[in-house]
Amino acid sequence: MFIKEFNANIVLQSMIDMKSSSDDIFLLLIAEFTEWNADEFIAMANEKDIRFFGGIFPAIITSGGKYESGVIVKKFPAKINPVLQVGLNVSDFKMINVDHIDVNSFDGKRTAIIMVDGLSSQIARLLEKLYMLFGDTVNYVGGGAGSLSFEQKPSVFCNKGIFQDAAIIVFVDSDTSLGVKHGWERVYGPLVATKTDRNVIQELNWDNPFNVYKSAILEDSGKEINADNFFSIAKSYPFGITKERSEYVVRDPLSVTNIGELICVGEVVENTILDVLRGEPDSLIKAAKQAAKQAVEYGGKFSSALVIDCISRALFLEEEFGKELEGVSSTLHENNCDLDIEGALSLGEISSAGQGYLEFLNKTILISLFYE
């Protein structure tokens, strides 16, 4: 359900009207320019015993387009209360106790929905720990919350409050079919990230990383990138981490420091092999359609479609972004999946891609179809 203006009473009444079981939990995706009082809403929801979780994103999306204000409310069955993980700004953060979650007791495969502060420095470590605990016994879907200004602030929330450097994990009593694609292609490389610090590339090929990156872009496009125009050009030239038998895992360079270090969304492990990628609008739109087809191809009865799409795809596509949403919707409908899409434009995407290892992705579209 999409609600254009956030009125706490209207949103809560909508949740009450949708609620059909004590196991119901509500996912709220809130666009960053929405006027709302988080503390007031959380107190009101707790008074009415409504379980919820969610994140604040650069924008939210529906089949009809993208919105920079408003809220999407989605209902899921979940017997287990949300898990709140804090401390994602330190490498030795203590993993929350999840011994009470017995995946062997699940009736069939389940889905872990993860809302995380997309500007936290330890997202990859969190996902690694989660995968070590639960492996492929569940599917994983989610996204990085936060502001397009890249100013870090509290951006994920649940009944316990609103948090920064945190993640909220909910084990939903539903299986999912996933489609994950990006459409970016190699134009330069390989390069070696010879020195890194979490999400900061400090050396490329034992050299100043900005100088290496600048040379790659100049060779491909003839454009001179600098600190002032960095994001406007870098949005077209992400890094790709090669993965066996799958697409690149993309890393999005956000900014350059005054000594030429490259700050990315998501961690880059030291000695990782990187390629510089480039995309074209047609290739990204085609990839989005492929993701939709991938998600729907196994068939079955689906109850809900959740789409997490990278904000940098929308920034890159600009006025053509609507074609991406139209392509996803039409592909689902052409394959007998008559669901409206609802979701968010994120700072990074979280998925196990249905088959492989749990990853934090950039510049990627994730389509999650929940089975009835």
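The values are calculated or read from the model by the stated rules, or taken from the named source; none is laboratory data. Note that this is a predicted model, so its numbers are computed, not measured. Neighbour counts are summed over all protein chains in view; Cβ atoms, including those assigned to glycine, are modelled from backbone coordinates with ideal geometry.
What to note about this one:
So that you can scan it fast, the table gives a plain yes or no per residue for (1) touching a residue at least 12 places away in the same chain (Cβ under 8 Å); (2) farther than 24 Å from Val200 by Cα; (3) assigned to a strand (DSSP E or B); (4) among the polar types (S, T, N, Q):
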site: Ile96; (1), (2), (3), (4): yes, yes, no, no
site: Ile101; (1), (2), (3), (4): yes, yes, no, no
site: Ile113; (1), (2), (3), (4): yes, yes, yes, no
site: Asp136; (1), (2), (3), (4): yes, yes, no, no
site: Gly142; (1), (2), (3), (4): yes, no, yes, no
site: Glu151; (1), (2), (3), (4): no, no, no, no
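- Some residue of segment 279-295 being among the hydroxyl-bearing types (Ser, Thr, Tyr), over 30 Å from Glu372 (Cα atoms) and not in a helix (DSSP H, G or I): no
- Subset of segment 177-198 (residues that are under 27 Å from Ala287 (Cα atoms), crowded, with 20+ Cβ neighbours inside 10 Å and of a type in the set (Ser, Thr, Tyr)): Ser177
- If only residues of segment 20-42 that are farther than 25 Å from Gly144 by Cβ and out of contact with any helix residue (DSSP H, G or I) (no Cβ under 8 Å at 6 or more places or on another chain) are counted, the one that is surrounded by the most Cβ atoms within 10 Å (Cβ to Cβ) is Asp23.
- All of (1) surrounded by 17 or more Cβ atoms within 10 Å (Cβ to Cβ); (2) at pLDDT below 95; (3) under 17 Å from the mean Cα position of the chain (by Cα); (4) not acidic (Asp, Glu) hold for Ser174 with one exception: (3).
- Segment 21-43, residues that are in contact (Cβ under 8 Å) with a residue 24 or more places away in the chain and more than 22 Å from the chain's Cα centre (by Cα): Ser21, Asp23, Asp24, Glu35, Trp36, Asn37, Asp39, Glu40, Phe41, Ile42
- Residue satisfying all of: in segment 10-19; in contact (Cβ under 8 Å) with a residue 12 or more places away in the chain and more than 22 Å from Ala344 (Cα to Cα); surrounded by the fewest Cβ atoms within 10 Å (Cβ to Cβ) among these: Ile16
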